[in-house]
1. With angles folded into 0 to 90 degrees, how steeply does helix B:187-203 sit against the dominant principal axis of chain B? Use alpha carbons for both and round to 10.
2. Hydropathy at least -1.0 by Kyte-Doolittle, axial extent at least 15 angstrom from the Cα trace: which helices of chain A, defined as entire DSSP H runs, fit?
3. Pick from B:37, B:174, B:136 the residue whose mean-square fluctuation is largest in a GNM of chain B, springs joining Cα atoms under 10 Å.
4. I want to check the label-to-label distance for residue A:31 and residue B:14. Put each point 7 Å from Cα in the C-beta direction and report it in nm to one decimal.
5. Quick check: at a probe of 1.4 Å, how many percent of the accessible area of the protein assembly as shown sits on carbon and sulfur atoms?
6. With a 1.4 Å probe and every protein chain left in place, work out the accessible area per residue of region B:86-154 in Å², rounded to a whole number.
7. Quick one: net charge around residue B:15, please, counting Lys, Arg +1 and Asp, Glu -1 for every other residue with C-beta under 11 Å from its C-beta.
8. State the answer as a single residue: which of A:104, A:31, A:204 lies farthest towards the positive end of the charge dipole of the protein assembly as shown, with beta carbon charges of +1 for Lys and Arg and -1 for Asp and Glu, about the Cα centre.
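The values are calculated or read from the model by the stated rules, or taken from the named source; none is laboratory data. All of these numbers come straight from a predicted model, not from anything done at the bench. Reconstructed Cβ throughout: ideal geometry from the backbone, glycine too, with neighbour counts over all protein chains shown. Note: accessible area is taken over every heavy atom of the protein model, side chains too, but ligands, DNA and RNA are not part of it. Shrake-Rupley method; radii C 1.70, N 1.55, O 1.52, S 1.80 Å.
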Amino acid sequence: MNPKIARHVYGWLLFSPAAIFFILFTHYPIVRSCVLSFFSNPRGSKPPRFVGLSNYDYLIHDPIFWQALKNNLIYAFGTIPITISLAIVMAVWVNRRMPGRAFVRAAYFTPTILPMIAIANIWLFFYTPGVGLFDSILNALGYPGRNWLGNPDTALLCLMVIAIWKDAGFFMIFYLAALQGIPQDVVEAGKIEGAGRWYFFRRVTFPLLMPTTVFVVFNALINTFRIVDHIFILTKGGPDNATQLLLYYLFQNAFEFWDTAYAATLTVVIMVILMTLALTQFKVLERRTHYQ
Amino acid sequence: MTSSGFWSKLETVAAWMLGILWAMPLLYAIWAAFHPPAYAVNFDLTAPVTLANFWEAWHTAPFARYFINTILYTTMTTALQFVLCTLAAYSFACYDWKGKDLVFSLILVQLMVMPDQLLVVNYQTMSALQLVDTIPAISLPYIASAFGVFLLRQNFKQVPLALAEAARIEGAGPLRILLKIYVPLSKSVYLAYGLVSISWHWNNFLWPLVITNSATTRPLTVGLAIFGSPENGVNFAVVSAGTLMSVAPLLIAFLLFQRQFVQSFMRAGIK
């Protein structure tokens, strides 16, 4: 065989095993979800029929969808600034010499490697009304307890606290890497100039950490649309949809209400959100590299 | 000088306090798991230490089976990912073929939309293949991983071409070149990718929940969710014990190989 053609053939052959699975479980379902979102559910022996945009029409008039989207945004914008601030503080702290640094670093990072389900099991007990840890502490101090997860005003907040606890240590490692990448002569120059620690951080360190912050912000945003495991244990979207998040709502429609058509419509919405976020991140990072 | 010494000490104290606060939930679960249920919120240092909660958890739910399922699913996924992603990355890094760039950008779509969000159609596919409630069904959607292909391709591209050329002249075929040159030179990437993949799948929940419906296939996370759900009425000490058992292998591995874990996650994140 002609060696040039042989290289084409080899290239394709090497890629083909992965290609089958990429197509079957990523590209086909993307296309198929879009198609399903334009059809009705099959009823008994009646096959699905084309319904145009009526699933989308239902979606924009569905108060639970808007509630879920709103919750997702509250969840994201309520947790991300705090998580990032904590991550930066943690990184600055474990980046300096101090006794017990290894313990502190491990303590910050450990929640990251625990499964969300295990974390939810532990925190569920903290939030249990009456006998849970938080209520026990409140009672001991003479305050009444409250139904943390059963109250629509506090339920989402409870989930957000867990997210902050789990993610801060994860984002810390990216800041740690960035801090260690700051050239030593910049740090030395700051010292000679007599810059205070806070001033130096604000004017030198923080701007240098900006690419990391962009990366972390987008990853955190994307994660809020991807991770709903704890909701299964803690609230199941309740009370009164106060902790409903988009992916959980998708799951409910698909596997509790068996409304495949609507679940496919929600899949399309989530895909659009995720792709928009990813492409925006790409654009932002690209613009930044032009500057530098 | 004294003032900076003071501030530095204060920072150390603050770092410690935050560390203790961060470790609390896990330490607390450990406390609850090793003491009788009556001591769950009663921190009496003289409380008797017991393994009864672990014994009860182990016998209340088929944890042994869940462990086997998780190990099978995680190993199978990571092993198949290694094979498929290595071959694909080799093709993208070292071969020129028609449509390569377009195909590569199509693969990168998976970095944005993962099989986890596509569970409606993937469930239908598994039904059609009659694989629902089997361990391969948990694994298959993940084995072609865009992330893996991307990571390995980056690394293969850095391998000097002269090495491959020399091997070719000595008569080595494409697969031999891959196995003797590219793979050994990428050991650290495989370690990073392997650690990330194993911890990711060990902790994976949503897709396994959807695709399994019996104890014979359910991995630990799904089993743990059923075990810990309040409807089940198992007391917190026993739930803690079950939870700790499930996370123990990964947690111990992490504490032993902290540096490798942290570096792997860093490497995987930065891409």
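1. Around 50 degrees separate the two axes.
2. Going by DSSP H runs, the hits are A:3-22, A:63-94, A:101-113, A:116-127, A:155-180, A:210-224, A:260-291.
3. B:174
4. The two pseudo-label positions are separated by 5.6 nm.
5. 68
6. Ligands and nucleic acids excluded, the figure is 32 Å² per residue.
7. Net charge in that neighbourhood comes out at +3.
8. The Cα lying farthest towards the positive end belongs to A:204.
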